[in-house]
Amino acid sequence: MKHLLKLADLTSEELIHILDLAQQLKSQQKQGIPHNYLKGKTLGMIFQKSSTRTRVSFEVGMYQLGGSALFLSSRDLQIGRGEPVQDTARVLSRYLDGIMIRTFTQKEVEDLAKYGSIPIINGLTDYCHPCQVLADLLTVREYKGELSGLKMCYIGDGNNMANSLIVGGIKSGMEVAVACPKGYEPDSGVMDYATANGTFTLTQDVKQAAADADVLLTDVWASMGQEEEAAQRRQVFQGIYQINSEVMEVAKADAMVLHCLPAHRGEEITADVMEAHAQEIFDEAENRLHAQKAVLVSLMGNQ
């Protein structure tokens, strides 16, 4: 594992190793045990999309690991003024020990890895969100004890979260069911992978997808950069593609609910379901820190 560009690049063993390491690092932090595995290392964080959880969790994670993080917005870099990504990759590789980038196109992340000589971490693209899904899988495993054999249900837009959840779920041995409207399906390549390598269902029927699910997940109907589509998307999704009490009734009695946040209560999830599962959802948010620390140590440190 040289980079974290997308979960499809990881073997199942590498994915589970990251989760195991995240649990170890989380335990060390809770017990106050120093874990300065990245002492003297510096992570550059390129943000072309704004963030709350990504920035804070990576910055705090590097600090707890004994290293430092450098925030770089598109206003701070020549890449925002037209410098080719391959030149930025080569220059930053001379200064930094790793780069995390949160941007729009997957190609930009792949090009950083292609032309740079240091580890690259995908903090989010329009195609996938691997760091979030590692945190999601870590949370499910903490609550359920294992991942293999569980049923994961995702309801909503077939966006970057859906793409990464499908791959992460299949690689960890879960059954995956996705409910989304026609025309808003996940990436076709991702669905082909899931069909060929596990148990995968795509449907427009929310209750069919949620039936006997162990964990239900959703995301906003309009992601960052889709603001102009928000009104149209609301018409398509409203009242159907939502985790609510009726959907919870067809899932298993002890089903978990997760949300990558921010949540729009009353849209993709009702306020009562959100509050009933707040402990799980905010454990999930905390686990961004621990999962990403595991990625950082795996890529940049000597374990």
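The values are calculated or read from the model by the stated rules, or taken from the named source; none is laboratory data. Since the structure is predicted, the reported quantities are computational estimates derived from the model, not experimental observations. All Cβ positions, glycine included, derive from the backbone under ideal geometry; neighbour counts span all protein chains shown.
A few points about this structure:
- From the list K30, K2, K6, K49, the lone residue that is at pLDDT 95 or above, touching a Leu at 6+ places or on another chain (Cβ under 8 Å) and among the basic types (K, R) is K2.
- Residue within region 3-22 that is assigned to a strand (DSSP E or B) and under 19 Å from S164 (Cβ atoms) present: yes
- Within region 157-173, residues that are charged (D, E, K, R) sit with their Cβ atoms under 6 Å from residues that are part of a helix (DSSP H, G or I), at 6+ positions apart or across chains, in these pairs: K171/S12; K171/L15.
- Residue count for region 207-225 satisfying the condition of being crowded, with 23+ Cβ neighbours inside 10 Å and either hydroxyl-bearing (S, T, Y) or without any contact (Cβ under 8 Å) to a residue 60 or more places away in the chain (or both): 3.
Table: residues versus (1) part of a helix (DSSP H, G or I); (2) within 14 Å of C153 (Cα to Cα); (3) not assigned by TED's automatic domain parsing to the domain that holds A251.
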position	(1), (2), (3)
V167	yes, yes, no
I170	yes, yes, no
G183	no, no, no
G189	yes, no, no
D192	yes, no, no
T195	yes, no, no
T201	no, yes, no
A209	yes, yes, no
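- Verdict on K107 being surrounded by fewer than 14 Cβ atoms within 10 Å (Cβ to Cβ) and either on the phi < 0 side of the Ramachandran plot or among the aliphatic types (A, V, I, L, M) (or both): yes
- Condition met for E146 (assigned to a helix (DSSP H, G or I), farther than 26 Å from T103 by Cβ and under 21 Å from the mean Cα position of the chain (by Cα)): no
- Scanning region 54-92 for residues that are within 27 Å of L25 (Cα to Cα) and assigned to a helix (DSSP H, G or I) gives T54, R55, V56, S57, F58, E59, V60, G61, M62, Y63, Q64.
- Residues being loosely packed, with under 12 Cβ neighbours inside 10 Å and under 24 Å from C131 (Cα atoms) - total across region 227-255: 1
- Checking L258, L299 one by one, the residue that is under 16 Å from the mean Cα position of the chain (by Cα) and either in the same structural domain as D20 (by TED's automatic domain parsing) or crowded, with 19+ Cβ neighbours inside 10 Å (or both) is L258 and no other.
- With respect to the stated conditions, A177 fails to be in a loop (DSSP other than H, G, I, E, B), in contact with a Cys (Cβ under 7 Å, 6 or more places away or on another chain), modelled with pLDDT of 95 or more and closer than 24 Å to A263 by Cα.
- Qualifying residue in region 181-191 (condition: among the hydrophobic types (A, V, I, L, M, F, W, C) and either farther than 20 Å from S223 by Cα or surrounded by fewer than 24 Cβ atoms within 10 Å (Cβ to Cβ) (or both)): yes
- Single condition M152 does not satisfy, out of (1) within 19 Å of K6 (Cβ to Cβ); (2) part of a loop (DSSP other than H, G, I, E, B): (2)
- Hey, E267 assigned by TED's automatic domain parsing to the domain that holds K144 and assigned to a helix (DSSP H, G or I) or not: no
- Single unsatisfied condition, A213 versus (1) more than 19 Å from the chain's Cα centre (by Cα); (2) outside any loop (DSSP other than H, G, I, E, B): (2)
- When A69 is tested against (1) closer than 17 Å to K293 by Cβ; (2) surrounded by fewer than 16 Cβ atoms within 10 Å (Cβ to Cβ), exactly one condition is not met: (2).
- For region 1-20, the candidate set comprises residues that are of a type outside the set (K, R) and crowded, with 19+ Cβ neighbours inside 10 Å; within that set, the residue that is farthest from N122 (Cα to Cα) is L19.
- Qualifying residue in region 78-98 (condition: assigned by TED's automatic domain parsing to the domain that holds A294 and within 20 Å of H290 (Cα to Cα)): yes
- One residue stands out in region 121-162 among those that are among the hydrophobic types (A, V, I, L, M, F, W, C) and surrounded by fewer than 24 Cβ atoms within 10 Å (Cβ to Cβ): the one that is nearest to E267 (Cα to Cα), namely L150.
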